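Have a look at the structure below, then the notes.
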Amino acid sequence: MIYLQIAANGLVLGGLYACISVGFSLVWGVLNVINILHGTFIVLGSYVAYFGYAHAGIHPFFSIVIAGLVLYALGYVLQAGIINRVVTAPVLITLTLTFGLDLVLNNAMLVAFTADYRAVTLANPLGSIEIGPVFLPGDRVAAMALALLLTVLLYRLLRDSSIGRAIVAVRMDREAATLMGVDVKHINAVTFAIGAFMAGAAGALLSIIFPISPLNSQVFLGKAFVVCVLGGLGSVPGAMVGGLVLGIIESFGSYWFGPEHAVTLSFGLLLVLLFVRPSGLLGRRGYE
Amino acid sequence: MRTWFALFVVALALASLPLTGNNYLLRLATTVCMYAVMAQSWNFIGGLAGYPSFATAAFFGFGAYTSAILQNHGAPPMLAWGCAGLAALVFAAFLGGAILHLRGHYFAIASLIVAEMLREIVNTMPGTGGGKGMNLPILKISIAAQAQFFFYSMLALALFCTAAAIVIHRSKLGFGLRCIQQNEDAASILGVNTYAYKTAAFSLSAVFVGMAGAIYASWVNYIEPPDVFDVLLAVKPLVMVLLGGLGTIFGPALGAVILLTFEELVWRNFLTIHAAALGLIIVVLVLFLPNGILSLIRERFPRRERPR
């Protein structure tokens, strides 16, 4: 019976991991940029939700939109103003650039918000949900449901809207997309901004579960790495599967080996997977 | 010949530094030598072979902990440093075998993850002090003598590393690595054993860094996981190399001097924003000076063609 509970915990965690990673995966897949800023974007989203709740009483679930829009704007400016200049350069250059930007943004957050851990304590929590032998905290389940909803919305956006089709076109072939009249620079910026939106929204959801501090950005970034490699690059379903798988693995890993080994386990898994199947569980071979 | 002469002059100038009797300068010079070792080492895999390795922090911490554990079991410092270098070499050879078949982003992420994983392992492993960190035996000589001892040790390592770089740049290995950087598939078809070459470059990028980590551990007497597996230790070397110039011999050392000067100025004056300052220098560097400072000098003073 305990296994059912662990699996349920893992799924709830996994839904959030999927939401954390899907923006990172999109940016990597379309722009071919490893966005080190992603973890800091998530934390910034958490801060928006925190201050929204502390000062204006806005429930973090509604802050998703605010946090998302704030980060959308920030992401658009960063990509259009800075990263677009070197977006076709080798990985060493783009990765180093986003690392530099991350140092600046993270340091700015440390100065502005200090390194103190903060937490959103809801005045009216949803209580716990009981399904047979499994107990789940209601707020977490709601956060997971919203996370999955956001992920599905992103999937539909990429499938059905004209901007989404343009993003997919740029991902498939940058030159051909240019020839078909797609404004690639604009699409780059929109893609990066959508990635930042997802990070901000995920951050707002996470604010009710994890403590908030600029120091957490690396943890979230590490999760995004693992989920992306697990699920395969640049595909929304890949990130979804990767997130759920990682959630379950971490959940069972902490039960069997102790929670202090959960990170080692997931990183070890990442290395093994890169060794045997670099294209991910759902990835296609030969696609970069 | 000119290169060796330049190295000799720099070595002589640095070796006479303790004569000034300024211990602050001596500490800075020791750090410059350490940075130079790390930048020069990264240049083997990142500059010559063109593989964006972020494993430097892993090798540094691996060397530091290997040496610390050995010294706490009674090994003399020099022997422990040598063993740390050797251990880092073996570790890199195995690791390289596992991840060097990856390219681009996947390689970058895999190498970045290694230090994180080692940090978590050290945090929970018995015999390393875990998160509390580890003390090292203190040398029974005066403080001033210690400062000189560690300076000369680090200087010797930096010179040895640079000498190795000079030899390798001119050897078949260096040529093969440059071929891999330009077009790995073509190099492979032309008969370069790319796997062996890349593994050699990766191991070279580990051995000196491992020893630098070991000397650093003895120098500061205390190490802890977040300190020696710091991700900045993986990023600074490539910043220094980008500053000085990719794939050059003296570029990394020059980059080390520039970065440390800059760091020291920022540390002194704006302690709370030093990370942002480093970030800013990275952004400016990448956007406006991707070929390093040596390239500016070369543009202004082009080298005369040698008469044939």
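Return the residue satisfying two criteria in turn: it lies in region A:112-142 and is assigned to a helix (DSSP H, G or I) and more than 14 Å from chain B (Cβ to nearest Cβ), and of such residues it is surrounded by the fewest Cβ atoms within 10 Å (Cβ to Cβ). Per the stated criteria, the residue is A:Gly138. Scanning region A:70-87 for residues that are under 21 Å from B:Tyr106 (Cα atoms) and in contact (Cβ under 8 Å) with a residue 12 or more places away in the chain, which turns out farthest from the other protein chains (Cβ to nearest Cβ)? Among them, the one singled out is A:Val87.
For the criterion of being within 14 Å of another protein chain (Cβ to nearest Cβ) and touching a residue at least 40 places away in the same chain (Cβ under 8 Å), B:Asn72 fails.
Selection of helices (runs of 4 or more DSSP H) fully inside region B:178-276 by the criterion of at least 1 residues being touching a residue at least 60 places away in the same chain (Cβ under 8 Å) and of a type in the set (Ser, Thr, Tyr) returns B:194-220. B:Ala147 passes every criterion in (1) closer than 17 Å to B:Phe91 by Cβ; (2) in contact with a helix residue (DSSP H, G or I) (Cβ under 6 Å, 6 or more places away or on another chain) apart from (1). When only residues in region A:235-268 that are over 20 Å from A:Leu157 (Cα atoms) and of a type in the set (S, T, N, Q) count, which is nearest to the other protein chains (Cβ to nearest Cβ)? Checked region A:235-268; the qualifying residue nearest to the other protein chains (Cβ to nearest Cβ) is A:Thr264.
Scanning region A:56-69 for residues being polar (S, T, N, Q) and free of Cβ contacts under 8 Å to residues at least 60 places away in the same chain gives a total of 0.
Against the test of being modelled with pLDDT under 90, buried (at least 20 other Cβ atoms within 10 Å of the Cβ) and within 13 Å of another protein chain (Cβ to nearest Cβ), the options B:Gly104, B:Gly46 yield a single qualifying residue, B:Gly46.
Residue-wise test of (1) modelled with pLDDT of 85 or more; (2) surrounded by 13 or more Cβ atoms within 10 Å (Cβ to Cβ); (3) within 14 Å of chain B (Cβ to nearest Cβ).
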| position | (1), (2), (3) |
| --- | --- |
| A:Tyr50 | yes, yes, no |
| A:Val91 | no, yes, yes |
| A:Thr94 | yes, yes, yes |
| A:Leu110 | yes, yes, yes |
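Among the residues of region B:122-155, those that are among the β-branched types (Val, Ile, Thr) and surrounded by fewer than 18 Cβ atoms within 10 Å (Cβ to Cβ) comprise B:Thr124, B:Ile138, B:Ile141, B:Ile143. Of the helices (runs of 4 or more DSSP H) lying entirely inside region A:160-234, those carrying at least 1 residues that are in contact with a helix residue (DSSP H, G or I) (Cβ under 7 Å, 6 or more places away or on another chain), away from every other protein chain (no Cβ under 14 Å) and over 21 Å from A:Leu148 (Cα atoms) are A:162-172, A:174-179, A:184-206.
The values are calculated or read from the model by the stated rules, or taken from the named source; none is laboratory data. Here the structure is a predicted model, which means the values were calculated and not measured. Ideal geometry is used to build each Cβ from the backbone, glycine not excepted, and the neighbour counts take in all protein chains shown.
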